[in-house]
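*Asks:* Can you keep this structure in mind? I'll have questions shortly.
The values are calculated or read from the model by the stated rules, or taken from the named source; none is laboratory data. This structure is a prediction, so every number in the text was calculated from the model and none was measured. All Cβ positions, even for glycine, are placed from backbone atoms using ideal geometry, and neighbour counts span all protein chains on display. Quick note on the areas: whole protein, heavy atoms, side chains included, nothing else; ligands and nucleic acids left out. Shrake-Rupley method; radii C 1.70, N 1.55, O 1.52, S 1.80 Å.
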Amino acid sequence: MYLSSLMKTIKKGLDSYLEFDAHELFATADYACVFGGALRDSIVDDPINDVDILCLPNSCKQIMKLLEEKGYKQTELRKPNVSELYKDIKVIFDPFTFIKGDKIVQLIRPCGEFGGSIYKSYFDILCNVDLS
């Protein structure tokens, strides 16, 4: 598989943070995408604070199982106000949060009400995420 230099940099950061090969996420689930600050931090070689994964329901279940197999535990911890930011416009559901030591992974599921279709919502969110 050919990976660009940028993709290799991102993968290296994610692998290091997750403590497993990030490709396992995508081998496990068909609608899953790492997005947000983890990408930005990997690109500029800053420490990753957490990994956000946008995923659809079936993919979410598969990733939850993978994370548990890798030693992550589900918790009620949420990022400050992340669900509150979007609850009135119904863009995302409350994220599922997994922790392993000081590592945090959040599974974020789009709400179909945003674009009428859960698939459209998934791609709309990906296209409009702010990496700044």
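*Asks:* Ranked highest first by the average count of other Cβ atoms within 10 Å around their residues, in what order do 44-50, 6-12 fall? Before the final figure, lay out each step's value.
*Replies:* On the way: 44-50: 12.4, 6-12: 14.0.
Averaged packing, sorted descending, gives the order 6-12, 44-50.
*Asks:* Another question, if that's okay. Using θ = phi - 60° and the Karplus form 6.51 cos²θ - 1.76 cosθ + 1.60, what ³J(HN,Hα) does each residue of the stretch 37-52 get, whole Hz, x for Gly and Pro?
*Replies:* For the stretch 37-52, the Karplus curve yields x, 4, 5, 4, 4, 5, 4, 9, 6, 9, x, 7, 8, 6, 10, 9 Hz.
*Asks:* Run the 1.4 Å probe and let me know the accessible area of TYR17, rounded to the nearest 10 Å².
*Replies:* 20
*Asks:* How much of PHE96 can a 1.4 Å solvent probe reach, expressed as accessible area in Å² and rounded to 10?
*Replies:* Rounded to the nearest 10, that gives 60 Å².
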